[in-house]
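First comes the structure, then the notes that go with it.
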Amino acid sequence: MKQKQTAVVASQRELAPMIYDMWIESDLAKDALPGQFLCVYTRNKSTLLPRPISICEVNEDKSALRIVYRIAGQGTAEFATYKAGEPVEILGTLGNGFNVEVAAGKKVFLMGGGIGVPPMLQLAKALNAVTAKENIQIVVGYRDNQTFLREDLEKYGQVYIATEDGSVGTKGNVMNAIEENALQADVIMACGPMPMLRAIKGYAENADIPAYISLEEHMACGVGACLGCVVKTKEKDHHSHVNNARICTDGPVFEAKEVDI
Amino acid sequence: MNMQTTIAGVTFKNPVMTASGTFGSGMEYGEFVDLNQLGAVVTKGVANVPWPGNPTPRVAEVYGGMLNAIGLQNPGIDVFMDRDIPFLKQYDTKIIVNVCGKSVEDYVEVVEKLGDEPAVSMLEINVSCPNVTEGAIAFGQKADALYNITEEIKKHAKQPIIMKLSPNVTDITEMAKAAEAAGADALSLINTITGMKIDIHRRKFAIANKTGGMSGPAIKPVAVRMVYQAAHAVQIPIIGMGGIANAEDAIEFILAGASAVSIGAMNFVNPYTTIEVVKGIEDYMKRYNVENLTDLTGAVDV
Ligand SMILES: Cc1cc2nc3c(=O)[nH]c(=O)nc-3n(C[C@H](O)[C@H](O)[C@H](O)COP(=O)(O)OP(=O)(O)OC[C@H]3O[C@@H](n4cnc5c(N)ncnc54)[C@H](O)[C@@H]3O)c2cc1C
Ligand SMILES: Cc1cc2nc3c(=O)[nH]c(=O)nc-3n(C[C@H](O)[C@H](O)[C@H](O)COP(=O)(O)O)c2cc1C
Ligand code: FES
């Protein structure tokens, strides 16, 4: 279901410096898929465009959605001031999400970098229904020892950490963590900054395994109408008939070998 | 109470339309609004062949609005006629197809193909997109070039044509008059206003194309002024747009001289804007005992 609605903030807390964790009560939780996202709107009428934020988690009875976001500018700074009980304008649920079936019975890497870590949580949960917990290898990268969501992730798989400053786990990035721990997998699912996604695309091509990556682009409509958020594709896209797919509707998750990043 | 409006012999159930490029061909927003309730769906610009559009970022937020440089990405007229027209035909709304091109021949080719499709009520000719380097805008910024392309398209068009004017000109009335003199059946304005945004932290342009077209509530006063000026310069009907967010905004355009209005960027902010505007205009007519919507057109200060 796609709907714009005024939902209610169930709770909000600061998870790490500049990183916020908000639970939103909404019936959109009912059919939310891992890797899908919400567009969140500001109350400030000078900042009109939606802020796309990934769904981090869905609660047990599917009545609330969790988002974890970094203060990056005006919009996210406003969201961080919201208290429990206050309204929040959201449009959702958007995008295709990760297809967990491709990992049925397989060994998986779930790779998240920085603010790309949050969507890995609901994904890890969902994967537990299709493959054994020891097959779920969650490789996450952070700047420093602010390893937000680590405890949540540990419930659903084996967690490996990389930090840029070396304060926790492997010093370096997620690729270094794979190497240091001599890990291997049959399929990759990832979200994070572009250099990380490019490295994963290269790794997956060498290892000849599929990688599903979640992409970001500036958005206006979030629903596929404006053609603002495209990514170059190898094949002509079925909708556009040119080598461009819409990240908001055809993605945000793409098989790495199909996109030119 | 009668909300109908007639433009070049085509009667619309109400004056609320979608602005080209902000509503696709209605499929995406059809999940949010009942397309049957709209006066018309104006589709995304379509060319004779598929266009890939510009590199990303293609959109950026600015105070009270946005910039875009999509670059008229479109699947080409053949796919459009096979897929988008049959989709829209299912609804009880008028179809207006926005046409773009790089040369007069490009436009004529599209216009001729659409001539075979009676479900298309009108053609809107985009000679004002600021985001493509060749063609397009050049036709929309010089009165003689606008005259020539309008006259040429008019020779080949089976449906009435709406010339969509650029606000990026010194005197909008000169352009409006040139289009009218060349045989345009109606005008629509405004297209986006060329703008620029710089990300000071990265020292980069916010839009890959460097410049983008500005739209949204911040441009509304400019648009209302231009609609008013154009309405006083020509006899042909005008479809007004630029920053319409609600019924009050729409009524401003109508009072300034518009026979119909289009909703653009605000669809992105509130996907229900179009139907809320229809309802709001109805409420306004009730409140002020307006029998016919057409009585409001140009009714400022009379
Ligand atoms: C599919 C998707 C999922 C995302 N998930 C998350 C998440 O779970 N947690 C999180 O912290 N961030 C996430 N982001 C990034 C998030 O959208 C931006 O950080 C946010 O839009 C910044 O808004 P702002 O008003 O604070 O910043 P400003 O810089 O003031 O924003 C100005 C404009 O630029 C846009 N913008 C700025 N940065 C980005 C960006 N990286 N991607 C897209 N648009 C941007 C804004 O939406 C706004 O329209 C996601 C982005 C996408 C595309
Ligand atoms: C993302 C986007 C795409 C657009 N594409 C087109 C187009 O293909 N053809 C066209 O004539 N105008 C196009 N426009 C201009 C709009 O139709 C409209 O004239 C303009 O945005 C002003 O209205 P608004 O402020 O309500 O958006 C586009 C505008 C936006 C924001
Ligand atoms: S944001 Fe409009 S098509 Fe994706």
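Residue-wise, which Karplus ³J(HN,Hα) couplings in Hz belong to the range A:252-258, taking 6.51 cos²θ - 1.76 cosθ + 1.60, θ = phi - 60°, and x for glycine or proline?
x, 8, 10, 6, 3, 6, 8
May I have the count of lysine pairs in the range A:3-94 with C-alpha atoms under 19 Å apart, counting pairs 8 or more residues apart or located on different chains?
Working: A:Lys4/A:Lys30; A:Lys4/A:Lys45; A:Lys4/A:Lys62; A:Lys30/A:Lys62.
Total qualifying Lys-Lys pairs in the range A:3-94 comes to 4.
Restricting the count to DSSP beta bridges whose residues both fall in the protein assembly as shown, what percent are antiparallel, rounded to a multiple of 5? Present the calculation step by step, with values, prior to reporting the outcome.
Numbers: 54 of 104 bridges.
Roughly 50 percent of the DSSP beta bridges within the protein assembly as shown come out antiparallel.
Could you give the radius of gyration (one decimal) and Dmax (whole number) of the Cα atoms in chain B, in Å?
Rg and Dmax of chain B, Cα atoms, are 17.8, 56 Å.
Report the one residue of A:Phe79, A:Ala103, A:Asn181 whose Cα lies farthest in the direction of the positive end of the charge dipole of chain A (charges on C-beta: Lys and Arg +1, Asp and Glu -1; origin at the Cα centre).
A:Phe79
If you take each beta carbon of peptide B:52-63 and count the beta carbons of other chains within 10 angstrom, what is the mean?
That works out to 6 on average.
Quick one: Cα convex hull volume of chain A, Å³ per residue?
Once divided by residue count, the hull of chain A is 118 Å³.
Can you compute 3J(HN,Hα) from phi for each residue in the range B:173-179, using the Karplus curve 6.51 cos²θ - 1.76 cosθ + 1.60 with θ = phi - 60°, rounded to whole Hz and x for Gly and Pro?
Values per residue, Gly and Pro as x: 5, 4, 5, 4, 5, 5, 5 Hz.
Answer with one residue from A:Ile247, A:Pro118, A:Val139: the one whose Cα lies farthest towards the positive end of the charge dipole of chain A, charges on Cβ with Lys, Arg +1 and Asp, Glu -1.
Selected residue: A:Ile247.
Just list whichever of B:Lys102/B:Lys164; B:Lys89/B:Lys164; A:Lys257/B:Lys113; B:Lys164/B:Lys220; A:Lys232/B:Lys158 have alpha carbons separated by over 27 Å in the model shown.
Working: B:Lys102/B:Lys164 15 Å; B:Lys89/B:Lys164 24 Å; A:Lys257/B:Lys113 37 Å; B:Lys164/B:Lys220 17 Å; A:Lys232/B:Lys158 37 Å.
Exceeds cut-off: A:Lys257/B:Lys113; A:Lys232/B:Lys158.
Please compute one quarter of the surface area of the Cα convex hull for the range B:104-204 and express it in square nanometres.
Taking a quarter of the hull surface, the average projection is 7.6 nm².
If you place +1 on the Cβ of every Lys and Arg and -1 on the Cβ of every Asp and Glu, how big does the dipole about the Cα centre of the range A:114-261 come out, in debye to the nearest 20?
Approximately 220 debye in magnitude.
Cut-off is 10 Å between beta-carbons; in what order do A:His238, A:His218, B:His201, B:His232 appear when sorted fewest neighbours first?
Starting with the residue having the fewest Cβ neighbours, the order is B:His201, A:His238, B:His232, A:His218.
If amide hydrogens are placed 1.01 Å from N in the peptide plane, which non-local residues have theirs closer than 5 Å to the one on A:Ser11?
Long-range HN contacts for A:Ser11: A:Trp23.
Determine by what factor the alpha-carbon radius of gyration of the range A:163-261 differs from 2.2 N^0.38 Å, reporting the quotient.
1.22
Quick one: what Rg and Dmax do you get for the range B:186-229 from the alpha carbons, in Å?
Answer for the range B:186-229, Rg first and Dmax second: 13.6, 45 Å.
Could you give the size of the charge dipole of the protein assembly as shown about its Cα centre, using +1 on the Cβ of each K and R and -1 on the Cβ of each D and E, expressed in debye and rounded to the nearest 20?
Dipole about the Cα centre, nearest 20: 700 debye.
Residues of A:41-50, mean number of Cβ from any other protein chain within 10 Å of their own Cβ, rounded to a whole number?
Going residue by residue through A:41-50 and averaging, the value is 5.
Going by amide H atoms built from the backbone, whose H comes under 5 Å of the H on B:Gly21, apart from near neighbours?
Counting only residues 5 or more places away or on other chains, the set is B:Lys44, B:Gly45.
Which longest uninterrupted range of chain B lacks any chymotrypsin sites (Phe, Trp or Tyr not before Pro) assigned by DSSP to a loop state (not H, G, I, E or B) and surrounded by at most 15 other Cβ atoms within 10 Å?
The answer is B:64-271.
Taking the DSSP beta bridges in the range B:5-296 as the whole, what percent of them are antiparallel, to the nearest 5?
Beta bridges within the range B:5-296, antiparallel portion: roughly 40 percent.
What are the GluC sites (Glu not before Pro) within the range A:99-205 that DSSP puts in a loop, where the Cβ has at most 15 other Cβ atoms within 10 Å?
For GluC sites (Glu not before Pro) across the range A:99-205 that sit outside H, G, I, E and B with at most 15 neighbouring Cβ atoms in 10 Å, the list reads A:Glu164.
Size of the dipole of chain A about the Cα centre, Lys and Arg at +1 and Asp and Glu at -1 on the beta carbon, nothing else charged, in debye to 20?
The calculated dipole for chain A is roughly 440 debye.
Out of every Cα-Cα pair in the range A:1-140, what percent are more than 20 Å apart?
Across the range A:1-140, Cα pairs with separations above 20 Å total 45 percent.
Using only Cα atoms, figure out Rg for the range A:101-157 and give it as a multiple of 2.2 N^0.38 Å. Provide the component values of the computation, followed by the final result.
Values: Rg = 11.0 Å, N = 57, 2.2 N^0.38 = 10.2 Å.
Ratio of Cα Rg to 2.2 N^0.38 Å: 1.08.
Over 47 Å apart: what share of the alpha carbon pairs of the protein assembly as shown falls there, rounded to a whole percent? Numbers along the way, then the final one.
Working: 28094 of 158203 pairs.
Roughly 18 percent, once rounded to a whole number.
Taking H as built 1.01 Å from N, whose amide H comes closer than 5 Å to the amide H of A:Thr233, not counting residues under 5 places away?
When sequence neighbours closer than 5 places are left aside, the close amide H contacts are A:Asn244, A:Ala245, A:Asp260.
Among all stretches of chain B without exposed GluC sites (Glu not before Pro) (DSSP loop, at most 12 other Cβ atoms within 10 Å), which one is longest?
Longest gap between qualifying sites, sites excluded: B:135-290.
Report the far tail of the P(r) of the range A:100-214, meaning the percent of Cα-Cα pairs longer than 17 Å.
Roughly 47 percent, once rounded to a whole number.
Tell me, how many Å apart are the Cα centres for the range A:202-225 and for the range B:175-246?
Distance between centres, Cα-based: 35 Å.
Cut-off is 10 Å between beta-carbons; in what order do A:Arg66, A:Arg13 appear when sorted fewest neighbours first? Mind showing how you got there, number by number?
Details: A:Arg66 21, A:Arg13 9.
So the residues, fewest neighbours to most, are A:Arg13, A:Arg66.
Please report the spacing between the Cα centers of the range B:1-37 and the range B:44-95 in Å, no decimals.
If you average the Cα positions of each part, the centres end up 16 Å apart.
Only loop residues by DSSP count here, and only those with at most 11 other Cβ atoms within 10 Å; note down the GluC sites (Glu not before Pro) in the range A:1-60 that meet that.
Taking the range A:1-60 and a limit of 11 other Cβ atoms within 10 Å, the loop GluC sites (Glu not before Pro) found are A:Glu60.
Each value in this text was obtained by applying a stated rule to the coordinates, not by laboratory testing. It should be emphasised that the depicted structure is a prediction, and the values quoted were computed from it without experimental measurement. We place every Cβ from the backbone using ideal geometry, glycine too, and count neighbours over all the protein chains shown.
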